[in-house]
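S.K.: Got a structure for you, questions after.
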Amino acid sequence: MTVYSHSRLSCYEQCPQKFKLHYIDKVETEEEQTVEAFLGIRVHEALEKLYRDLQHQKENTLEDLLVFLRDEWNANWSNDIIIVKGDYRPENYLKMAQKYLTDYYQRYHPFNQGKTVTLEELIRITLDSEGDYKLQGYIDRLSETRDGYYEIHDYKTNSRLPMVDYIRSDRQLALYMIGVKNQYPDVKDVHLIWHFLKFDKEIDSTRTDKELERLKQDTIQLIKMIEQDERFVASPGFLCEWCEYKSCCPQWAHLYKIKEKPANEYLKDSGVVLVNRYAEVKNAQKLANLQCDAELAKLEGALVSFAEKEKADVVFGSKNKIRITSSERFLFPAKNSKEREELELVLRKYGKLEEVRQLDTTALGRVIQENRWDPEVLNALKRYVELESSKRLYLSALKEK
């Protein structure tokens, strides 16, 4: 049985086709790295150095860590790293990384909140008693605050703070919690701690045994779904723009096939020709529909005028007839408008608001139509009510004699 990971599961949830290309077909691609991912790696390295040196009784100054960060940044920087937001330069992101590190250092110095147990350590997670379903992952930092009380720390360089529901439903650290409980027999409690470095904010949570058991079952079901999937259907979305498998994905393969062709060859491609012609016909159809709608509107107006002039409810043609019906309805002020509030006050003044179920406009319309209330009340409502008349036309074929 395959040993899964949180990232492997998330890849399938994001797009089964991407999962297949990456984990099953093992398609090799040129890895592209964004500046945000590069920044996250460098900050993680600096924090790992901080705590690893502390384990060896060496305390780095803030300047020591900033020098380390800058050196690693410069040594690993490449012009191939993608900066999507073109208004910013690499040095802007370096300054962000330095700010994250500075804020963290100043917040937690002298780093005596707990004893570091492991750093960047592989954790193995067994989901069932038979050992058929397993996962693994790497914990940024595991610490112990007192005997049997552990904390799983995760460093985030996200540009946004997550919603409360995200923290409560986050699968990755909860899975690590299962692994820690299995791996450390003295565990009494485990806390999950996210450090959102951009905001200098710490958010913590935990899970009950019941919640962890539910997570195990949900994760097993997801693994079973993956194992049984035979199609791995693509799930296109906004993340496709950053997918490294676009060139071999059925959703994008044709584009990559033609985009390098010269214009004269590109326009002769059978797919391009078919799509262009289809779009032309579709647009022509849309225009024809608009023209037909405009002409029908004119004919409807003319038919209504003719019927009113002839005092006829049905107008006959050679093979068809059109029946014309009239209807009226009352229009009331829109919800949350000033006029709506005034209308409610008038109804409340006369003790009628409850009678129309807190201003059910359909019920109020019937009351007005049937003149159920005193003339004084109905007159007070007039300024808030508009009567709309409309005509409807019904076309049908004449029966052959």
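S.K.: How do the pairs read when you match residues in region 367-392 that are more than 18 Å from Arg357 (Cα to Cα) with residues anywhere that are assigned to a helix (DSSP H, G or I) and aliphatic (A, V, I, L, M), using Cβ under 6 Å and keeping only pairs 6 or more apart or on different chains?
M.R.: Partner pairs satisfying both residue conditions: Ala380/Val346; Lys391/Val304.
S.K.: Any residue at all in region 253-276 that is closer than 23 Å to His6 by Cα, exposed (fewer than 10 other Cβ atoms within 10 Å of the Cβ) and without any contact (Cβ under 8 Å) to a residue 24 or more places away in the chain? I'd like the intermediate steps shown before the answer.
M.R.: Here is the first cut: in region 253-276, the residues closer than 23 Å to His6 by Cα are none.
No, the conditions are met nowhere in region 253-276.
S.K.: When the residues of region 130-180 are narrowed to those that are under 21 Å from the mean Cα position of the chain (by Cα) and part of a loop (DSSP other than H, G, I, E, B), which ends up farthest from Asp103 (Cα to Cα)?
M.R.: If we take residues in region 130-180 being under 21 Å from the mean Cα position of the chain (by Cα) and part of a loop (DSSP other than H, G, I, E, B), then Asp170 is farthest from Asp103 (Cα to Cα).
Here's the yes/no breakdown for (1) among the hydrophobic types (A, V, I, L, M, F, W, C); (2) at pLDDT 95 or above; (3) surrounded by 15 or more Cβ atoms within 10 Å (Cβ to Cβ); (4) in contact with a Gly (Cβ under 9 Å, 6 or more places away or on another chain):
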{"position": "Leu54", "(1), (2), (3), (4)": "yes, yes, yes, no"}
{"position": "Thr61", "(1), (2), (3), (4)": "no, yes, no, no"}
{"position": "Asp64", "(1), (2), (3), (4)": "no, yes, yes, no"}
{"position": "Arg70", "(1), (2), (3), (4)": "no, yes, yes, no"}
{"position": "Asn74", "(1), (2), (3), (4)": "no, yes, no, no"}
{"position": "Tyr93", "(1), (2), (3), (4)": "no, yes, yes, no"}
{"position": "Gln106", "(1), (2), (3), (4)": "no, yes, no, no"}
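S.K.: Assuming Glu91 fulfils every condition listed in (1) more than 27 Å from Ala174 (Cβ to Cβ); (2) in a loop (DSSP other than H, G, I, E, B); (3) without any contact (Cβ under 8 Å) to a residue 12 or more places away in the chain apart from one, which condition is it?
M.R.: Result: Glu91 fails condition (2) only.
S.K.: Can I ask one more? Taking Val27, is it touching a Phe, Trp or Tyr at 6+ places or on another chain (Cβ under 8 Å), touching a residue at least 40 places away in the same chain (Cβ under 8 Å) and outside any helix (DSSP H, G or I)? Don't jump to the end; show me each part of the working.
M.R.: Working: touching a Phe, Trp or Tyr at 6+ places or on another chain (Cβ under 8 Å): yes; touching a residue at least 40 places away in the same chain (Cβ under 8 Å): yes; outside any helix (DSSP H, G or I): yes.
It is true that Val27 is touching a Phe, Trp or Tyr at 6+ places or on another chain (Cβ under 8 Å), touching a residue at least 40 places away in the same chain (Cβ under 8 Å) and outside any helix (DSSP H, G or I).
S.K.: Got a sec? Which of Ala302, Ala307 is outside any strand (DSSP E or B) and surrounded by 12 or more Cβ atoms within 10 Å (Cβ to Cβ)?
M.R.: Matching residue, one of Ala302, Ala307: Ala307.
S.K.: Take the residues in region 100-132 that are without any contact (Cβ under 8 Å) to a residue 24 or more places away in the chain and charged (D, E, K, R), then tell me which one is farthest from Gln57 (Cα to Cα).
M.R.: Here the answer is Glu130.
S.K.: When residues of region 198-236 are filtered for being free of Cβ contacts under 8 Å to residues at least 40 places away in the same chain, part of a loop (DSSP other than H, G, I, E, B) and closer than 26 Å to Leu173 by Cα, how many remain?
M.R.: 3
The values are calculated or read from the model by the stated rules, or taken from the named source; none is laboratory data. Keep in mind that this is a model prediction, so the values were computed, not measured. Neighbour counts run over all protein chains shown; Cβ positions are idealised from the backbone, glycine included.
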